[in-house]
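Contents: one structure, followed by commentary.
The values are calculated or read from the model by the stated rules, or taken from the named source; none is laboratory data. All values derive from a computational prediction rather than experimental measurement. Cβ sites come from the backbone with ideal geometry, for glycine too, and all protein chains shown count toward neighbours.
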Amino acid sequence: MIYSSKSNENIQIIPRYKKKIKKLNNLKTARIYVALFLAILLIGFYYYFREHIVVRLDIPLKSNVKKENLKKYMMQELDHIGYIEPELQVTLDERIIHLDLKGAPPKISYFSRLFPLIAELGGTGILIEYEDMFPYNGTILKNVSALNAYSLKEITIINRLARENNLKVIPLIQTFGHLEFLLKLQQYKDYREVFAYPQVICPSHPHTMSLIEDMIDQIIASHPDIEMLHIGCDEVYYLGFCERCTNRMINDNVSKNLLFLEHVKAISQILNKKYPHIRILLWDDQFRSMTETDLAEVKLNENLEPVIWRYTKEVYDELGPSLWDMYSKIFRKVWIASAYKGAIGSNKYMSDVNHYLQNHRSWLSVVAEHKRRVNFRGIIMAGWQRYDHFAVLCELLPIGIPALAMSLRLLKGFKDSPLSPPTEVSKVLKCHQPYGLIGSAFGSPKCEFPGTYIFHFAV
Ligand SMILES: [Zn+2]
């Protein structure tokens, strides 16, 4: 018995237990104090982690990402960044950055800030696609240039800026398909392969070659130091449609493939004769449906170096081994082309860094697999401004810079573990936190690279 039974209202505690009960009360009070202390400690830790560790939770997340799922997303995103398995470590000597000037050409002053950045990130050159931004002149081409085209003096500045930053310059001039900027004009409507679509120039028109030769001469004259010229030739959608071409196909037994190959061969012969020191690059997609016999019969110029382009995440699976087998027998040297912007949708204004990183990872797998039999000259990192001359603008140049920087990091053989953030890229781009460079799930990286205000506006 603990309690006395004398009174129910005034319970009397037996004196020998008084001490124990007092002790228990003290213990209870102590527990409350400890609990309070721990709660304060936890709140303190929460605010400390929120401000300093891993991911700042005040950064706006994608609407479909709950904060509690952040770790899961983080691991998924990290899975795609610069961790390269040892067998994928390959070296590509040339890393050329494509600058597509269609529709939104940068000011020359922007190049003075962009070129040092490209060089610092590991680029070795620029592929500059002027389209109608080149100041064409002369009787045939005087009306082709856009009203805001660069002047010849400005092109001299571009050349100088590239030289100062040890960047090679490769001009790109379309010579078959994607000549919309020229064929849309009334003056050139007779050159169209299909009258309704000003996309492809007719390879059988009697003046086509002189027109292209004029363009090439003017471009090369304004880039006197170049070692390479890209002649386009991708997506030639309409071949063998016009009366001139169909007559040629019937009378001379010429296939559509041969129509294409003879046009390319004619351009390369002109170039080889006038500018034998210049190597000729062209997109490869028209070759893919051809056979080794088709290509071998035409005896293409040895100066031709196809650029095999693919901008998806699964390049390795999509370009099968037979393609590499054929190219290794026909071409002495080839290029590959990935993308850092303008390849995820014609109306996209924001970049998907993971897509572009995965594209590069897949390309590295391809090179690692075939490097023993294919001579890979280098990589061109395409940055499309719009899908064609009449399309809307997609990701603008500054929007693509984080993806470009992260992709170049991957190409440099980055070997850190998946848990290491891209701190070195973050430093070059002057970012407040590196995790935003991995993917938009981590919010904006808040950087200060050239054109950064456009980037933050889009985010
Ligand atoms: Zn034709």
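Give me a count of the residues in the stretch 115-150 that are part of a helix (DSSP H, G or I), more than 14 Å from residue 161 (Cα to Cα) and among the β-branched types (Val, Ile, Thr).
0
Give 281, 239, 259, 229 a once-over and let me know the one that is surrounded by 19 or more Cβ atoms within 10 Å (Cβ to Cβ), part of a helix (DSSP H, G or I) and either within 13 Å of the ligand (Cβ to nearest atom) or assigned by TED's automatic domain parsing to the domain that holds residue 327 (or both).
259
Kindly indicate which of 161, 182, 172, 152 is within 16 Å of the ligand (Cβ to nearest atom), within 26 Å of residue 111 (Cβ to Cβ) and touching a residue at least 12 places away in the same chain (Cβ under 8 Å).
The conditions single out 182.
Looking at the stretch 175-190 only, could you name the residues that are within 11 Å of residue 144 (Cα to Cα) and assigned to a loop (DSSP other than H, G, I, E, B)?
Once the filter is applied, which keeps residues that are within 11 Å of residue 144 (Cα to Cα) and assigned to a loop (DSSP other than H, G, I, E, B), the stretch 175-190 yields 179, 184, 185.
Identify all residues within the stretch 202-215 that are more than 15 Å from the ligand (Cβ to nearest atom) and either touching a helix residue (DSSP H, G or I) at 6+ places or on another chain (Cβ under 7 Å) or outside the structural domain of residue 337 (by TED's automatic domain parsing) (or both); write none if there are none.
213
Can you find, within the stretch 224-255, the residue that is nearest to the chain's Cα centre (by Cα) among those that are acidic (Asp, Glu) and under 26 Å from residue 274 (Cβ atoms)?
234
Mind checking which residues of the stretch 106-138 are out of contact with any strand residue (DSSP E or B) (no Cβ under 7 Å at 6 or more places or on another chain), closer than 17 Å to residue 398 by Cα and crowded, with 21+ Cβ neighbours inside 10 Å?
If the condition is that a residue be out of contact with any strand residue (DSSP E or B) (no Cβ under 7 Å at 6 or more places or on another chain), closer than 17 Å to residue 398 by Cα and crowded, with 21+ Cβ neighbours inside 10 Å, then 111, 114, 115, 121 are the ones that fit.
Tell me yes or no: at least one residue of the stretch 402-411 is among the basic types (Lys, Arg), more than 26 Å from residue 181 (Cβ to Cβ) and more than 17 Å from the chain's Cα centre (by Cα).
No, because not a single residue in the stretch 402-411 is among the basic types (Lys, Arg), more than 26 Å from residue 181 (Cβ to Cβ) and more than 17 Å from the chain's Cα centre (by Cα).
In this structure, is residue 382 surrounded by fewer than 19 Cβ atoms within 10 Å (Cβ to Cβ) and closer than 30 Å to residue 237 by Cβ?
no
Among 199, 269, which is the only one that is closer than 25 Å to residue 337 by Cα, within 16 Å of the ligand (Cβ to nearest atom) and not aliphatic (A, V, I, L, M)?
Exactly one of 199, 269 is closer than 25 Å to residue 337 by Cα, within 16 Å of the ligand (Cβ to nearest atom) and not aliphatic (A, V, I, L, M), namely 199.
Evaluate the stretch 200-213: report whether one residue or more is under 25 Å from the mean Cα position of the chain (by Cα), modelled with pLDDT of 95 or more and surrounded by 16 or more Cβ atoms within 10 Å (Cβ to Cβ).
So far as the stretch 200-213 goes, no, none of its residues is under 25 Å from the mean Cα position of the chain (by Cα), modelled with pLDDT of 95 or more and surrounded by 16 or more Cβ atoms within 10 Å (Cβ to Cβ).
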